[in-house]
Amino acid sequence: MVTAVARRLAERRRRLDAVLAPFRLSPHALRQVKGKMRRELERGLRRDMQGTATVKMLPTYVCGTPDGTERGKFLALDLGGTNFRVLLVKIRSGRRKSVRMYNKIFAIPLEIMQGTGEELFDHIVQCIAEFLEYMGIKGARLPLGFTFSFPCRQASIDKGTLVGWTKGFKATDCEGEDVVDMLREAIKRRNEFDLDIVAVVNDTVGTMMTCGYEDPKCEIGLIAGTGSNVCYMEDMKNIEAVEGNEGKMCINTEWGGFGDNGCIDDIRTEYDREVDEGSLNPGKQRYEKMTSGMYLGEIVRQIVIDLTTQGLLFRGQISESLRKRGIFETKFLSQIESDRLALLQVRRILQQLGLDGTCEDSIVVKEVCGAVSTRAARLCGAGLAALLDKRREDQGMQRLEVTVGVDGTLYKLHPHFSRVLRETVQELAPQCDVTFMLSEDGSGKGAALITAVAKRLRQYLYAMRLSDETLLDVMARFRREMKNGLSRDFNPTATVKMLPTFVRSIPDGSEKGDFIALDLGGSYFRILRVKVSHEKRQTVQMETEIYNTPEDIMHGSGTRLFDHVAECLGDFMEKQQIKDKKLPVGFTFSFPCRQSKLDEGILITWTKRFKASGVEGADVVRLLSRAIKKRGDYDADIMAVVNDTVGTMMTCGFDDQRCEVGLIIGTGTNACYMEELRHIELVEGDEGRMCVNTEWGAFGDDGSLEDIRTEFDREIDRGSLNPGKQLFEKMVSGLYMGELVRLILVKMAKEGLLFEGRITPELLTKGKFETKHVSAIEKSKEGLSKAKEILTRLGVEPSHEDCVAVQHVCTIVSFRSANLVAATLGAILCQLRDNKGVGRLRTTVGVDGSLYKMHPQYARRLHKTTRRLVPDSDVRFLLSESGSGKGAAMVTAVAYRLAEQHPGQSHRVVLGESPKEREAGGEEGETPHLGGFQGGDLPSDRRVTLAMLG
Ligand code: 0WK
Ligand code: 0WK
Ligand code: BGC
Ligand code: BGC
């Protein structure tokens, strides 16, 4: 008897093992699955495999994980898992960073899941309406993030074409359709409320974002629920279907389709085939059907039927209910496999399923459940290990540290699934340190975060739109910075340096003489001969030569730079046949220089394109004089070094006596103005005025503009020659504007908002989109055709809409620039008004610079905003036709005029002068300090200059 029972049990064991053996995948078999998955992942990324790859690797146009700056109120829909949720998500950023969610779960009846598409989307909209009603927010046109947990091919963040239904869904007229459009139409059909559908995302992506909000290392989203799928952040250069090689984009693998080409048929069992044939989508989602909650119960049912048929279970009696498809839900597996459940309870579950069996039967069923769920977990583990190793190798790392955000009822509720999955990953991807992070809040939160980013993406264009309120605030901030710069105590730490220029007045029309002017620092290096004569009326004749300043000179040594300047000057004097003359030279040097006298300029820091070594902290007049001396083939007397803003003010002052502000909006940006000497604490004396070079380009270097700087401004700064410096200039000036636009276009293209996501190497090349392109595209008439031309040259085959959008971006960027300049200029105008103690300021601003001159709308916008911000002023903007070289010559000429009118006058500088110097009245060396000068002890012509400006 005993042996008969033992034999029967052994036979039963043997036959049970035979049935379950294919589920017990060996490490070798799993490694093979991992290898195959790896191949399919790679294939799916290839452009030429798009149509045939079974693992679709769908671009999601999500290019970043949350960075905590997301904020706002969003509606989120979460369709495709067990429950259909409608959520209201409130996101706060900054110190009070938080996400609050209100959600309601709605059922999706089977007949809706498998009815018509219209019925399905009408049902969804019905649920939304109920939710909005319930939340009392029907009127709010909230931005919506739509988690749609099915394979969608996306051309942009807010477009998703359904590739094919999976899981329990089979609604007609949806496959091949854009589900966002279908939802928009259903909302329109209902005509009860309106929503701004900003993003459609897969639940894996929503899950990754939800977890990424807590853990920035989360770059993988895994769903082990009704369905099975994973997404991850891939390097753009590996995503052939989307143009561009920079940055990352999230890929929705849709690994559920793994094996649809038969590559894992070797491990698929007859039960898997049964389940597939009986499914809504036979032949599809084979991997999903071996791993996800929708099917595990069904596999168990198939095995139980087979074992029962073999007489190994339930005394060979197949109950009616056991024949019913789907009766053995996966939740029963989780319950049956739970260690806490006694066999008796397993038996009770089986009884509920109409399976009245013995405890032995319960043990067998439990074992079957275990075999099926373990295989599922191990197969998921093998798939995930393939992805992890791919990421590790792609990044060329020995060890990869990453967080995987997980959601799904199978992972959450099954007693062993998550553990077996983790163990398998450890086994098959030992070089990866993986943290599994359970998504507590579901993918709706993630969808809201993506909506926040997508909206912000559109929003970041809004972030470039500065309201008058903000501009007035910027104006007030700049005014404070001016004060700090003028103050003796705060100047050392001030960002806006307010540099005294020792130019005390503008021309009064009586100047005359023959001068050379050098103009270095703008787009071109000009050398001019300026003859100021006084026949009937004062006239100025100028001859100009433009010289190239190659980049290697700009970035080389200071000696080479000044040798180059001296060489050009030599060439110019040759051409002018004045090499035998020693003409006074006015040197326009368009960089921040600290001056203690007119013919000395200590370079504080390079800006724009210059970075020559050994010049910062040195006197550029001395460097140039030395370079000229070294040549010995001509002589020149550098009488003055002026900033181009000062030169511009003087040039315009020549024609308009009211000109007391000089403004440059060109490669760089800056302004100077005539300030009351009593306010310039760095210079002693209270009488009269002196021109102050504000060097406003550095405004914000102390972080005072962080609230209006955008991610693009930060990117520009990071990629510049002087990170952290000239932050205002980088938001405003011509050297950076084209690049700002390029960065925005790249990001919009990445989000699929432009060029259907096409990104070309040209578009990705720094500096390829120039400010002159911005100017060309904003031309009212031919702007759009210019846009087409320029974008075509960048290889992005723009549509008309693209051109319109690009023109829009150009406008927003250049508008912001003009508005910001209006704000800082407004501060100077208010200072002048208050200095003069007048109710209404009447003044002239002399302007120069290629951006102001060449951009079709810039000047008009600047004028308009300035007048709006400083209504109690009559400002004339006078364009400098002849550049600042003329101004530099004027400074020299004024020196001569004043020398004639006031021989022997002077004043003292306090900043940077040691007490000894103050006593001694200046250091030794070639050129004495302006401060110490007492008239008589300098060569005749020098004396005139200094005194006059005293
Ligand atoms: C919860 C997520 C949802 C996802 C679901 C998957 O919020 O987006 O589809 O998990 O798990 P399931 O409900 O299918 O088990
Ligand atoms: C022309 C002036 C020059 C100044 C330039 C600025 O003569 O001193 O530096 O404008 O404009 P940019 O050439 O940088 O556009
Ligand atoms: C769908 C995926 C989804 C997964 C998990 C699969 O059936 O194809 O898009 O992410 O289920 O819900
Ligand atoms: C420089 C200023 C100059 C301005 C305009 C800035 O980068 O710092 O000195 O006036 O460009 O050329």
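In this structure, is Leu663 of a type outside the set (Phe, Trp, Tyr), at negative phi and out of contact with any strand residue (DSSP E or B) (no Cβ under 8 Å at 6 or more places or on another chain)? Full working, then the answer.
Details: of a type outside the set (Phe, Trp, Tyr): yes; at negative phi: yes; out of contact with any strand residue (DSSP E or B) (no Cβ under 8 Å at 6 or more places or on another chain): no.
No: the conditions fail for Leu663.
Tell me which residues, restricted to the range 331-376, are hydroxyl-bearing (Ser, Thr, Tyr) and open to solvent by 10 Å² or more (accessible area, probe 1.4 Å). Reasoning before the result, please.
Taking the range 331-376 first, the residues hydroxyl-bearing (Ser, Thr, Tyr) are 334, 338, 358, 362, 373-374.
Result: Ser334, Ser338, Thr358, Thr374.
Exactly one of these conditions fails for Glu660: (1) modelled with pLDDT of 95 or more; (2) under 29 Å from Gly885 (Cα atoms); (3) part of a loop (DSSP other than H, G, I, E, B); (4) away from ligand 4 (no atom under 16 Å from the Cβ). Give me its number.
It is condition (3) that Glu660 fails.
Within the range 146-159, can you find the residues that are modelled with pLDDT under 95 and not polar (S, T, N, Q)? Working first, answer last.
Start the filter on the range 146-159 by keeping residues that are modelled with pLDDT under 95, which leaves 153-159.
Across the range 146-159, the qualifying residues are Arg153, Ala155, Ile157, Asp158, Lys159.
Out of (1) farther than 24 Å from Glu801 by Cβ; (2) free of Cβ contacts under 8 Å to residues at least 40 places away in the same chain; (3) among the charged types (D, E, K, R), the odd one out for Glu770 is which?
It is condition (1) that Glu770 fails.
Scanning the range 233-268 for residues that are touching a strand residue (DSSP E or B) at 6+ places or on another chain (Cβ under 9 Å) and of a type in the set (Gly, Ala, Ser), which turns out modelled with the lowest pLDDT?
Gly247
Just checking, how many residues over the range 102-160 are among the hydroxyl-bearing types (Ser, Thr, Tyr), more than 28 Å from Leu280 (Cα to Cα) and either outside any strand (DSSP E or B) or open to solvent by 30 Å² or more (accessible area, probe 1.4 Å) (or both)?
The initial filter retains those residues of the range 102-160 that are among the hydroxyl-bearing types (Ser, Thr, Tyr), namely 102, 116, 134, 147, 149, 156.
Next, only the ones that are more than 28 Å from Leu280 (Cα to Cα) stay: 102, 134, 156.
With either outside any strand (DSSP E or B) or open to solvent by 30 Å² or more (accessible area, probe 1.4 Å) (or both) added as a condition, the list becomes 102, 134.
Of the residues in that region, 2 qualify.
Within the range 676-709, count every residue that is more than 16 Å from ligand 4 (Cβ to nearest atom) and either open to solvent by 10 Å² or more (accessible area, probe 1.4 Å) or part of a strand (DSSP E or B) (or both).
Here the count works out to 19.
Which residue pairs have Cβ atoms closer than 7 Å, lie 6 or more positions apart in sequence or on different chains, and pair a first residue in the range 165-183 that is in a helix (DSSP H, G or I) with a second residue that is away from ligand 4 (no atom under 16 Å from the Cβ) and open to solvent by 30 Å² or more (accessible area, probe 1.4 Å)?
As it stands, the answer is Val180/Asp158; Val180/Lys159, since those pairs meet every condition given.
Identify the single condition in (1) open to solvent by less than 20 Å² (accessible area, probe 1.4 Å); (2) within 16 Å of ligand 3 (Cβ to nearest atom); (3) of a type outside the set (Lys, Arg) that Thr409 does not satisfy, given that it satisfies every other one.
With (1) open to solvent by less than 20 Å² (accessible area, probe 1.4 Å); (2) within 16 Å of ligand 3 (Cβ to nearest atom); (3) of a type outside the set (Lys, Arg) applied to Thr409, the lone miss is (1).
State all residues of the range 216-240 that are within 22 Å of the chain's Cα centre (by Cα) and of a type in the set (A, V, I, L, M); if no residue qualifies, say none.
Ile220, Met233, Met236, Ile239, listed by residue number.
If a residue must be of a type outside the set (A, V, I, L, M) and either out of contact with any helix residue (DSSP H, G or I) (no Cβ under 8 Å at 6 or more places or on another chain) or within 16 Å of ligand 4 (Cβ to nearest atom) (or both), how many such residues does the range 887-901 contain? Show your work before the answer.
Filtering the range 887-901 for residues of a type outside the set (A, V, I, L, M) gives 887, 892, 896-897, 900-901.
Within this subset, residues satisfying the condition of being either out of contact with any helix residue (DSSP H, G or I) (no Cβ under 8 Å at 6 or more places or on another chain) or within 16 Å of ligand 4 (Cβ to nearest atom) (or both) are 887.
Residues flagged as of a type outside the set (A, V, I, L, M) and either out of contact with any helix residue (DSSP H, G or I) (no Cβ under 8 Å at 6 or more places or on another chain) or within 16 Å of ligand 4 (Cβ to nearest atom) (or both) within the range 887-901 amount to 1.
For the structure I just gave you, tell me whether Ile124 is more than 16 Å from ligand 3 (Cβ to nearest atom), in contact (Cβ under 8 Å) with a residue 40 or more places away in the chain and closer than 21 Å to Arg189 by Cβ. It would help to see each step written out before you state the result.
Working: more than 16 Å from ligand 3 (Cβ to nearest atom): yes; in contact (Cβ under 8 Å) with a residue 40 or more places away in the chain: yes; closer than 21 Å to Arg189 by Cβ: yes.
It is true that Ile124 is more than 16 Å from ligand 3 (Cβ to nearest atom), in contact (Cβ under 8 Å) with a residue 40 or more places away in the chain and closer than 21 Å to Arg189 by Cβ.
Among the residues of the range 780-792, what is the count of those that are among the charged types (D, E, K, R) and exposed (fewer than 13 other Cβ atoms within 10 Å of the Cβ)? Can you show your working first?
Let us first name the residues in the range 780-792 that are among the charged types (D, E, K, R), namely 781-782, 786, 788-789.
If we keep only those that are exposed (fewer than 13 other Cβ atoms within 10 Å of the Cβ) as well, we get 781-782.
The qualifying residues number 2.
Quick check, is Asn281 touching a strand residue (DSSP E or B) at 6+ places or on another chain (Cβ under 8 Å), within 16 Å of ligand 3 (Cβ to nearest atom) and either more than 30 Å from Gly752 (Cβ to Cβ) or open to solvent by less than 20 Å² (accessible area, probe 1.4 Å) (or both)? Outline the logic, then answer.
On the way: touching a strand residue (DSSP E or B) at 6+ places or on another chain (Cβ under 8 Å): no; within 16 Å of ligand 3 (Cβ to nearest atom): yes; either more than 30 Å from Gly752 (Cβ to Cβ) or open to solvent by less than 20 Å² (accessible area, probe 1.4 Å) (or both): yes.
No, not satisfied.
What are the pairs, 6+ residues apart or on separate chains, where a residue within the range 65-82 that is at positive phi and part of a loop (DSSP other than H, G, I, E, B) has its Cβ under 7 Å from a residue that is near ligand 1 (Cβ under 8 Å from one of its atoms) and of a type in the set (Asp, Glu)?
Close Cβ pairs (under 7 Å, with a partner that is near ligand 1 (Cβ under 8 Å from one of its atoms) and of a type in the set (Asp, Glu)) amount to Gly80/Asp203.
Within the bounds of the range 480-496, is there any residue that is touching an Asp or Glu at 6+ places or on another chain (Cβ under 6 Å) and within 16 Å of ligand 4 (Cβ to nearest atom)?
Looking for residues that are touching an Asp or Glu at 6+ places or on another chain (Cβ under 6 Å) and within 16 Å of ligand 4 (Cβ to nearest atom), one finds at least one in the range 480-496, hence yes.
So, in the range 494-529, of the ones that are of a type in the set (S, T, N, Q) and at pLDDT 95 or above, which residue ends up nearest to Val891 (Cα to Cα)? If you could, list the steps in order and put the result at the bottom.
Within the range 494-529, the subset of a type in the set (S, T, N, Q) is 495, 501, 505, 510, 523.
Filter once more, keeping what is at pLDDT 95 or above: 495, 501.
Values: Thr495: 27, Thr501: 11 Å.
So the residue we want is Thr501.
Just to verify a result, which residue in the range 618-674, among those that are in contact with a Pro (Cβ under 9 Å, 6 or more places away or on another chain) and farther than 30 Å from Val875 by Cβ, is nearest to ligand 1 (Cβ to nearest atom)?
Result: Ile638.
Between a first residue in the range 272-288 that is within 21 Å of Val19 (Cβ to Cβ) and a second residue that is modelled with pLDDT under 95 and open to solvent by 40 Å² or more (accessible area, probe 1.4 Å), which pairs have beta carbons less than 8 Å apart while being 6 or more apart in sequence or on different chains?
Gly278/Arg325
Only one residue in Glu240, Glu274, Glu214, Glu219 is surrounded by fewer than 24 Cβ atoms within 10 Å (Cβ to Cβ), part of a loop (DSSP other than H, G, I, E, B) and in contact with a helix residue (DSSP H, G or I) (Cβ under 9 Å, 6 or more places away or on another chain), so which one is that?
Of the residues listed, the single one that is surrounded by fewer than 24 Cβ atoms within 10 Å (Cβ to Cβ), part of a loop (DSSP other than H, G, I, E, B) and in contact with a helix residue (DSSP H, G or I) (Cβ under 9 Å, 6 or more places away or on another chain) is Glu240.
Taking the range 392-412 on its own, how many of its residues are free of Cβ contacts under 8 Å to residues at least 40 places away in the same chain and aliphatic (A, V, I, L, M)?
Total satisfying the criteria: 2.
Mind telling me which of the residues Thr82, Thr65, Thr60, Thr54 ends up being open to solvent by less than 10 Å² (accessible area, probe 1.4 Å), closer than 21 Å to Ala224 by Cβ, more than 16 Å from ligand 2 (Cβ to nearest atom) and polar (S, T, N, Q)?
Answer to the selection: Thr60.
The values are calculated or read from the model by the stated rules, or taken from the named source; none is laboratory data. If you're wondering where the values come from, they're calculated on a predicted model, not measured in any experiment. Glycine gets a Cβ as well: all are built from the backbone with ideal geometry, and neighbour counts include every protein chain shown. Just so you know, the surface numbers come from the protein's heavy atoms only, side chains and all, with ligands and any DNA or RNA stripped out. Shrake-Rupley method; radii C 1.70, N 1.55, O 1.52, S 1.80 Å.
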